[in-house]
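The values are calculated or read from the model by the stated rules, or taken from the named source; none is laboratory data. Note that the coordinates shown come from a computational prediction; the quantities given were computed from them, not determined experimentally. Note that we place each Cβ from the backbone using ideal geometry, even for glycine, and neighbour counts take in every protein chain shown. Accessible surface is based on the protein model in full, side chains and every heavy atom, while ligands, DNA and RNA are left aside. Shrake-Rupley method; radii C 1.70, N 1.55, O 1.52, S 1.80 Å.
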Amino acid sequence: MDVAFLNGNWEVLAASDRELVTTLVDAGQQHLFADWDLPGTADEAKATFLSSLSKIDGNYPGGLAGYISNAQKLLAEAKEGGNPFEGLIPHQPNTVDLTQFNETYDHYEALGQKQFEKTGIVLVAGGLGERLGYKGIKLDIPVEVLESTPYLKHYASCLKAMEARMENPRPVPFIIMVSQDTGPKTLQTLEKNNYFGLQKEQVYILKQELVPAISDNAGSLALKDKYELILKPHGHGDIHMLLHTSGLAAQLEKQGIEHLVFIQDTNGQVFNAIPAALGVSVEKGFDFNSIAVNRIPGEAVGGLTKLIGKGQELTLNVEYNQLDPLLRATVSPEGDVPNDQGFSIFPGNINVLIIRMERYVQILEKSHGIIAEFVNPKYTDETKAAFKKPTRLETMMQDLPKLFSPEEKVGVSIFDRCWSFSANKNNIADAAAKHVAGGPPESAATAESDFYLAGRMRLIASGAKVKEAAEELILGVPFVNGPKVLLRPSFAMTLAEVREKICDCSISNEATLILDGKDIALEEVELSGRSALIIKACAGAKVVVMGRKFENEGFELVQLTEEELASTHVPEYLKIRGYRFENRGAAIYEFDEPGEYMIEA
Ligand code: UTP
């Protein structure tokens, strides 16, 4: 290689740096070094630059040369603008309908509960959360503000509850993917809270790295300045790469883990659906099972679609704006049309995935964990010769089936939407605008409202009489103030458990019921008006509440004033909802000692 372009720096480079520079120049990246100062000037900046290149090279399977060649290939395809669905015909995917709480539901929950022992939970939590605009990490935000339970604490309680229901208890592996934006705070929260009762050893933190931005169709890496690359997020598909490169997927498989459940940072409902969905994965032998919801045709949610053609059969998430044209061009001239119940036959993807380990580990080995990367450059004009701004390769975790062969079984488990999914993604103003436009607001308030609704759904399934409050608007965002029911994971993980423990109860519109503990039972209990009953029982404390009517002032919802919304003294987690609750006399029972307790009339 002619090293004259390095302006005399070649001679002072270490052997490993020379190797890296050579690799990059061979990959068409000479511009990265073309403008270097003479040796003796900016040497520290040069060293930092080389060390960052070396780090990125080490992080990406196939190194920077691999990243660049993948980019060149994908950019050429993007320029050509081929139809990714050419030759593929859309069909309804293999679905199991779990939208009703019936015998089928109970059957799958029972099966799923047995599988807890062989299940790991993977939480992708590297996202910036720009739409929400919360200053801290999303995992720290309380999912509800009666007791202010952060998402991370709630998820940890679910893992503890899974363990408590195992025949041979073992800690559920908990893999959390973070990024440089979320990593330090996630760790800080875990440490500060003693891992929320989890064992430190069961928690695995994997950090996703940024990838270099690309400035042109030739795959040239983009510079921020002379000695610094522009770096961008690579997407949540990184989780597959990290589970492979860390060796963790293979290690967990060896330890007997058969399924991994992939969840997101702010979905308080997700563990409602996991037991039954796990049962489906086990019984149907699905290698990849998407937890999904019914969607109305045209709704802005990706549709899970079986695509058949070119010797392939793939079940994939197809973005809603691609699904309709695909249907029109193939099997349905009217596009995506409703079935008898008004839903599309292509269920809505909520990106909760259950993946069977056996095939997963093999696919990771084969692909080195690089799962269906894509590139989405914004071109300056239709010649597609230049980009408006640098782009990068991205990956999405739901695209794993793109690497499947016909042997892998892919299926979809459809759940009631409020039961399985309610995210906290949008700030109040955007959430209110989405509500006006008829879409889901997906804000802190709606996530909390749905969290209570899922509790009510459990109570109703136990046969309880439940009277709902009317929906109100708080800063333009809809909220239903009750009954606010929190049946904590410690109390029940399945509907069968709720039925066993709650009998002949009734609860009125703005009442509150919180049950936390495995051995609590309620019989002929009534909560009237705004009354609140909270019971917390430690392991070994058996509590029976029988024939009791509670009448108290419970919790009052208080909307934040203009001053409070602007005040730096009011916590941000309240300001993103616009209200707080004040305790006006809730009945609270706490049992910290094992024993038998009775609360009677
Ligand atoms: P979102 O679509 O909510 O994106 O991610 P986001 O980046 O968190 O939020 P916005 O778009 O900036 O408002 C879905 C899930 O994927 C995770 C998020 O943490 C969330 O759980 N994610 C996203 C990652 O782990 N890494 C990424 O690079 C992107």
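Here are the numbers for the structure shown:
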{"item": "Carbon and sulfur %, accessible surface of the chain computed with the full protein complex present, 1.4 Å", "result": "49 percent"}
{"item": "Calculated from backbone phi, Karplus (6.51, -1.76, 1.60) coupling profile of the range 430-446 in Hz, x at Gly/Pro", "result": "5, 5, 5, 5, 5, 5, 4, 6, x, x, x, x, 6, 10, 4, 5, 5"}
{"item": "Rounded to 5, percent antiparallel among DSSP beta bridges of the chain", "result": "40 percent"}
{"item": "Rounded Å value of the spacing that divides the Cα centres of the range 76-102 and the range 171-241", "result": "29 Å"}
{"item": "Label-reachable residues, the range 118-159, where backbone N falls under 16 Å from a point 7 Å from A437's Cα toward its Cβ", "result": "131-132"}
{"item": "Cα Rg, Dmax, the chain, angstrom units", "result": "26.6, 92"}
{"item": "The range 449-587: antiparallel DSSP beta bridges as a percent of all, rounded to 5", "result": "30 percent"}
{"item": "Extension gain, E228 back to I460 (0.36 nm per residue minus Cα-Cα distance, nm)", "result": "77.7 nm"}
{"item": "For a label point 7 Å along the Cα-to-beta-carbon line of S52, residues of the range 18-33 with backbone N under 19 Å", "result": "18, 20-22, 24-25, 29-33"}
{"item": "K484 accessible area, assembled protein chains, probe 1.4 Å, Å²", "result": "0 Å²"}
{"item": "J(HN,Hα) series, the range 459-474, from Karplus relation 6.51 cos²θ - 1.76 cosθ + 1.60, nearest Hz, glycine and proline x", "result": "4, 4, 4, 7, x, 5, 8, 10, 10, 7, 7, 7, 6, 10, 9, 10"}
{"item": "At R0 = 51 Å, FRET efficiency that the Cβ-Cβ distance of Q322 and E600 yields, to 0.05", "result": "0.25"}
{"item": "Length-normalised contact order for the range 233-382 - Cα pairs under 8 Å, 6+ apart - percent", "result": "36 percent"}
{"item": "Estimated FRET transfer efficiency (K384, I308; beta-carbon r; R0 30 Å; 0.05)", "result": "0.45"}
{"item": "5 angstrom amide H check on I175, placed H, neighbours 5+ away", "result": "I121, V122, L123, Y204"}
{"item": "The chain, relative contact order [Cα under 8 Å, separation at least 6], %", "result": "14 percent"}
{"item": "C-alpha center-to-center spacing [the range 23-71, the range 546-601] in angstrom", "result": "56 Å"}
{"item": "Spatial separation of Cα centroids for the range 332-395 and the range 242-288, in angstrom", "result": "20 Å"}
{"item": "Surface accessible to a 1.4 Å probe, H368 within the full protein complex, Å²", "result": "100 Å²"}
{"item": "Eligible aspartates and glutamates near K226 by straight Cα distance, threshold 18 Å, same-chain separation 8 or greater", "result": "D17, D35, D37, D43, E44, D216"}
{"item": "In Hz, Karplus ³J(HN,Hα) per residue of the range 172-186 (6.51, -1.76, 1.60; θ = phi - 60°; x = Gly, Pro)", "result": "6, x, 10, 9, 10, 8, 10, 10, 5, 6, 10, x, x, 5, 5"}
{"item": "Difference of contour (0.36 nm per residue) and Cα-Cα distance, V3 to Q188", "result": "61.9 nm"}
{"item": "Highest-first arrangement of 49-58, 80-89, 341-350, where packing means the average Cβ count within 10 Å", "result": "341-350, 49-58, 80-89"}
{"item": "Contour excess over end-to-end distance, with Cα ends at A45 and Q92 and 0.36 nm allotted per residue", "result": "11.4 nm"}
{"item": "Average accessible area per residue (Å²) across the chain - probe 1.4 Å, nucleic acids and ligands excluded", "result": "43 Å²"}
{"item": "Rounded to 5, percent antiparallel among DSSP beta bridges of the range 536-601", "result": "40 percent"}
{"item": "Heavy-atom accessible area ranking, 1.4 Å probe, most first, across D225, D324, D592", "result": "D592, D225, D324"}
{"item": "Leading residue at positive end of dipole, the chain (Cβ point charges), from G529, G247, T149", "result": "G247"}
{"item": "Which of E358, E497 is most accessible, then next, and so on - probe 1.4 Å", "result": "E358, E497"}
{"item": "Estimated distance in nm for a label pair at V12 and F374, the labels positioned 7 Å out from Cα along Cα-to-Cβ", "result": "4.6 nm"}
{"item": "Candidate residues D181, D140: accessible-area rank, largest first, probe 1.4 Å", "result": "D181, D140"}
{"item": "Cα-projected label distance for D35 with H107, points at 7 Å along beta-carbon direction, nm", "result": "6.7 nm"}
